Structures are given as structure tokens and as C-alpha cells.
1. Residues being in a helix (DSSP H, G or I), closer than 23 Å to Pro63 by Cα and either hydrophobic (A, V, I, L, M, F, W, C) or in contact with a helix residue (DSSP H, G or I) (Cβ under 7 Å, 6 or more places away or on another chain) (or both): count how many of those fall in region 10-32.
2. What pairs come up if the first residue lies in region 60-87 and is closer than 23 Å to Ile34 by Cβ and loosely packed, with under 14 Cβ neighbours inside 10 Å, the second is of a type in the set (Ser, Thr, Tyr) and modelled with pLDDT of 70 or more, and their beta carbons are under 9 Å apart, counting only those six or more places apart or on different chains?
3. Can you find a residue that is surrounded by 12 or more Cβ atoms within 10 Å (Cβ to Cβ), among the polar types (S, T, N, Q) and modelled with pLDDT of 95 or more anywhere in region 13-21?
4. Collect the residues in region 28-87 that are at pLDDT 75 or above and of a type in the set (S, T, N, Q), keeping them in residue-number order.
5. Does Glu5 satisfy the condition of being under 19 Å from Val82 (Cα atoms) and either exposed (fewer than 13 other Cβ atoms within 10 Å of the Cβ) or modelled with pLDDT of 95 or more (or both)?
6. Hey, among the residues in region 33-56 that are in contact (Cβ under 8 Å) with a residue 12 or more places away in the chain and in a helix (DSSP H, G or I), which one's farthest from Val69 (Cα to Cα)?
Amino acid sequence: MFNIEGDVLNLSYDMTLDEVEELRDFLIGKLGYITSIGFEGAAREFSTSSLLQLLASIKKSRPEISIPVLECKETVFGKFGVISWRL
């Protein structure tokens, strides 16, 4: 699911909608302490678009937070196709 190591938040790609909601609630008030959001595990396919939406929202509100999956201009996801970022 997710864990914090120092100022780095590590997520799993396969988070369910309930886990994304739990993450959102957990992050309220804690974004000021996070410098980077990365992913753990072998899976590279999001199970729900809600996690992508949450990450995009975080990046828009806190552009200084490093989110490598969003920092390329285009990302290809099997389930969601090609996504172009304008963050």
C-alpha cells in the first residue's frame, strides 16, 4: 500500500480505491514534510485512475515534490493508454 521513509513516500501501483482514499486522508497536513513520492514493487500498472488523479493534484498544489512517474512529458499505461502531462 504506502509507507513513509524519512521524507519519501513510497506507494504501490496496485492500490485499490479504498487505499487511495486512506492515503488522501493520511496526507492531509503531511505534504509539507514530503519531498518525493515514488513506487515500490514489480507491478507498473495502476489498478485505479484515482491514484493518478491524486498524484496530479499533489503535483499541481506542491510542484516542488518530486513525483518521477509524472515528470516525463508522456507516460504509457496499458490500461489507460498514453497520458500526456501538463503539470
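1. Qualifying residue count, region 10-32: 6.
2. Hits for this filter: Glu64/Thr35; Pro68/Ser36.
3. No: zero hits.
4. Matches in region 28-87: Thr35, Ser36, Ser47, Thr48, Ser49, Ser50, Gln53, Ser57, Ser61, Ser66.
5. No, not satisfied.
6. Here the answer is Tyr33.
The values are calculated or read from the model by the stated rules, or taken from the named source; none is laboratory data. Fair warning: this is a prediction, and the values are worked out from it, not measured in the lab. Glycine gets a Cβ as well: all are built from the backbone with ideal geometry, and neighbour counts include every protein chain shown.
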